[in-house]
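Asks: First, the structure itself, so that you have it in front of you.
The values are calculated or read from the model by the stated rules, or taken from the named source; none is laboratory data. All of these numbers come straight from a predicted model, not from anything done at the bench. Ideal geometry is used to build each Cβ from the backbone, glycine not excepted, and the neighbour counts take in all protein chains shown.
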Amino acid sequence: MAFRNLRRHDVQASYSLLLAVASIIPCLAGAYLCVRNYQDELGRIVYGAEGRFIPAFLGSLLAAMLLSSVAFSLGWNSAGQRRNDKSRHSWIGFFVGGAILTCSFILVIAFVMLRLQTD
């Protein structure tokens, strides 16, 4: 499949929707890791010093932030354009990308505030 011209607003709208939907998966993976390692009796997110939690957690959230920020930007750029016949895709990409970006930042802040490293 050839890479389509990103100067056209309808193509931007399609990519915005695709990237916004794709960013949901790594954000859910990061949320799952966060909830899985949360210990209620301590009120902390507990992880081991030698484990793979940190690279998996931060990698999934970084992927979600990257995909959602591109989806947000493409949706914002193409949403109100006159020649865009896929305006609905632009708005969905804009709002879903913004929501996933916000959720990813909240998960990073929650991790920083609630982390507890065990040896």
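Asks: Name the pairs whose Cβ atoms lie under 6 Å apart, with the first residue in the stretch 74-103 and free of Cβ contacts under 8 Å to residues at least 40 places away in the same chain, the second basic (K, R) and assigned to a helix (DSSP H, G or I), and 6 or more positions between them or separate chains?
Replies: none
Table: residues versus (1) assigned to a helix (DSSP H, G or I); (2) at pLDDT 95 or above; (3) within 12 Å of L101 (Cβ to Cβ).
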| residue | (1), (2), (3) |
| --- | --- |
| R4 | no, no, no |
| D10 | yes, no, no |
| Y15 | yes, no, no |
| L28 | yes, yes, no |
| L42 | no, no, no |
| G51 | no, no, no |
| A64 | yes, yes, yes |
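Asks: Further question: For the stretch 11-34, state whether one or more residues are surrounded by fewer than 14 Cβ atoms within 10 Å (Cβ to Cβ) and over 30 Å from K86 (Cβ atoms).
Replies: Checking the stretch 11-34: at least one residue is surrounded by fewer than 14 Cβ atoms within 10 Å (Cβ to Cβ) and over 30 Å from K86 (Cβ atoms).
Asks: Give the stretch 74-91 a look and list any residue that's surrounded by 15 or more Cβ atoms within 10 Å (Cβ to Cβ) and either outside any helix (DSSP H, G or I) or at pLDDT 95 or above (or both), or say none.
Replies: A79, Q81, N84, K86, listed by residue number.
Asks: Right, next: Taking Y32 as meeting all but one of (1) in contact with a helix residue (DSSP H, G or I) (Cβ under 7 Å, 6 or more places away or on another chain); (2) of a type in the set (F, W, Y); (3) over 21 Å from W91 (Cβ atoms), write down the number of the exception.
Replies: (1)
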